[in-house]
């Protein structure tokens, strides 16, 4: 583990031509203070977690001082927002400080979100608020603990500097880590400007840095597109299986590495609702939970379109043509495993019928799957803890008999299956009301204990943690009034 002064910064992205970014320094904030940090994320860059308490590091993560080797910049990109092309977006409130390579040879880009105005702020203040920063910090780390590819969150630094949203709030910065923050929109901006060479240079950069095994292929750009489509399909399967809704699946929020990127108005399912819309700003429901796989497919076609100058339309179409099958296969495999069943045979209709039953009875998705781990397949077993979740008891009884028969057909031992399923069905997720309680304590009382408690809890989402049982309960009635929008 390294001291702050021992971190060696580079910035590979900055060695690209300046067409891809603008050099800009963070705007300092007054009197910054550390709100919270992730020791697990610190280890990614070999930083001793004890260093997080040092004022010098807090000043750095506030954007008030740069370390040797940092080369600060804001990246240019465009994107399709809610289906409409926006010609120039870019890092409007995020600034890339540089890259740290750890002892294992892994490069991690270090980015400050909420670091002030950039040339891409489009009239905005370039700031983030404490509320949204807490949500991003907690969900980034929670998703990683769930095994879902994501950007990481190192820390939140706060300041009493006022920021104006619907109300006056206080400023905060999240330090984000990722191998790369390149997005689909990073290619789109040059396609719509009819600038072919920058598309080629960026594709070559991405292949050399993140997909080196593709460089020697006969059609490396087609292989890049195929791999990004595959990773995106896998990511969507993971989102759908765990009940995660992103909320703003614009192409500028889609990672070229298949990471979950940009946590704004996200949400996890409570009562199972296929049409769940977590973003209050999404009045048309474009990014509803059940639309995510298809939206991702549409986004992949936009990436393919942006790469067409490097390959033929036919080749690009073929490269992404397997997306539906890749998503379907990955989703069914995950869901079947969560149910303790093989992915073939009668499992698919059983899974689909189960989801329909959950929707009809408004059953809590996470609680159902966790209690399913303890299902007793003995003929005539009541399975009361699970049965009690369903208002329509006869419908549950019919389903339970069908599920029990499927388990017995596999000659599956309940005890063995229980342990395997508990490793796949989390007990704890970042429900909106849990995040809201942490936000209220932090904003109203400068009490950050609930952030720390949730971070620790969600770092072990599959463990029982009986002392935290209340965090696994259904949300209270007041939680239904929580609205999360693009400003979140």
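Looking at 388, 353, which one is touching a helix residue (DSSP H, G or I) at 6+ places or on another chain (Cβ under 8 Å) and at pLDDT 95 or above?
353
Entry remark, segment 451-488: residues being within 23 Å of residue 172 (Cα to Cα), assigned to a loop (DSSP other than H, G, I, E, B) and touching a helix residue (DSSP H, G or I) at 6+ places or on another chain (Cβ under 6 Å) number 3 in total. Can you say whether residue 303 is in contact with a strand residue (DSSP E or B) (Cβ under 9 Å, 6 or more places away or on another chain), surrounded by 18 or more Cβ atoms within 10 Å (Cβ to Cβ), assigned by TED's automatic domain parsing to the domain that holds residue 229 and assigned to a helix (DSSP H, G or I), as far as the supplied structure shows? The answer is yes for residue 303. Within segment 165-197, if we keep just the residues that are at pLDDT 95 or above and out of contact with any strand residue (DSSP E or B) (no Cβ under 9 Å at 6 or more places or on another chain), the residue that is farthest from residue 98 (Cα to Cα) turns out to be 194.
Looking at (1) on the phi < 0 side of the Ramachandran plot; (2) without any contact (Cβ under 8 Å) to a residue 40 or more places away in the chain; (3) out of contact with any helix residue (DSSP H, G or I) (no Cβ under 7 Å at 6 or more places or on another chain), can you tell me which one residue 345 breaks? Unmet condition: (1).
For (1) surrounded by 23 or more Cβ atoms within 10 Å (Cβ to Cβ); (2) over 30 Å from residue 273 (Cβ atoms), each residue gets a yes or a no:
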site	(1), (2)
207	no, yes
213	no, yes
219	no, yes
241	no, no
246	yes, no
251	yes, no
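Every condition in (1) out of contact with any strand residue (DSSP E or B) (no Cβ under 9 Å at 6 or more places or on another chain); (2) under 24 Å from residue 43 (Cβ atoms) holds for residue 100 except the one numbered (1). Each residue in segment 348-360 was checked for being in contact (Cβ under 8 Å) with a residue 60 or more places away in the chain and crowded, with 18+ Cβ neighbours inside 10 Å, and 1 of them qualify. For segment 371-389, indicate whether the set of residues that are buried (at least 21 other Cβ atoms within 10 Å of the Cβ), within 27 Å of residue 232 (Cα to Cα) and in contact (Cβ under 8 Å) with a residue 12 or more places away in the chain is non-empty. Within segment 371-389, not a single residue is buried (at least 21 other Cβ atoms within 10 Å of the Cβ), within 27 Å of residue 232 (Cα to Cα) and in contact (Cβ under 8 Å) with a residue 12 or more places away in the chain. Being in a helix (DSSP H, G or I) and crowded, with 19+ Cβ neighbours inside 10 Å narrows it down to one residue among 159, 180, 186; which is it? Residue meeting the stated conditions: 186.
I'd like to know if segment 208-226 contains one or more residues that are in a helix (DSSP H, G or I) and within 15 Å of residue 298 (Cα to Cα). Scanning segment 208-226 turns up at least one residue that is in a helix (DSSP H, G or I) and within 15 Å of residue 298 (Cα to Cα).
Within segment 312-325, take every residue that is in contact (Cβ under 8 Å) with a residue 12 or more places away in the chain and in a helix (DSSP H, G or I) and give me the one that is nearest to residue 223 (Cα to Cα). Explain how you work it out, then say what you get.
Start the filter on segment 312-325 by keeping residues that are in contact (Cβ under 8 Å) with a residue 12 or more places away in the chain, which leaves 315-320, 322-324.
Then keep just the ones that are in a helix (DSSP H, G or I); that gives 315-320, 323-324.
On the way: 315: 10, 316: 9, 317: 12, 318: 10, 319: 7, 320: 10, 323: 14, 324: 17 Å.
If we take residues in segment 312-325 being in contact (Cβ under 8 Å) with a residue 12 or more places away in the chain and in a helix (DSSP H, G or I), then 319 is nearest to residue 223 (Cα to Cα).
Only one entry in 312, 283 is over 19 Å from residue 246 (Cα atoms), out of contact with any strand residue (DSSP E or B) (no Cβ under 6 Å at 6 or more places or on another chain) and surrounded by fewer than 18 Cβ atoms within 10 Å (Cβ to Cβ), namely 312.
Residue count for segment 402-420 under the criterion of being under 18 Å from residue 343 (Cβ atoms) and not in a helix (DSSP H, G or I): the result is 3.
Across segment 239-265, the qualifying residues are those that are in a helix (DSSP H, G or I) and in contact with a strand residue (DSSP E or B) (Cβ under 8 Å, 6 or more places away or on another chain), and the one among them that is farthest from residue 176 (Cα to Cα) is 242. Determine, yes or no, whether residue 309 is part of a helix (DSSP H, G or I), modelled with pLDDT of 95 or more, within 30 Å of residue 481 (Cα to Cα) and touching a helix residue (DSSP H, G or I) at 6+ places or on another chain (Cβ under 6 Å). It is false that residue 309 is part of a helix (DSSP H, G or I), modelled with pLDDT of 95 or more, within 30 Å of residue 481 (Cα to Cα) and touching a helix residue (DSSP H, G or I) at 6+ places or on another chain (Cβ under 6 Å). The numbered conditions (1) part of a loop (DSSP other than H, G, I, E, B); (2) on the phi < 0 side of the Ramachandran plot are all true for residue 123 except (2).
The values are calculated or read from the model by the stated rules, or taken from the named source; none is laboratory data. Just so you know, these numbers come straight off a predicted model, no measurement behind them. For neighbour counting, all protein chains shown are included, and Cβ atoms are generated from backbone atoms with ideal geometry for every residue, glycine included.
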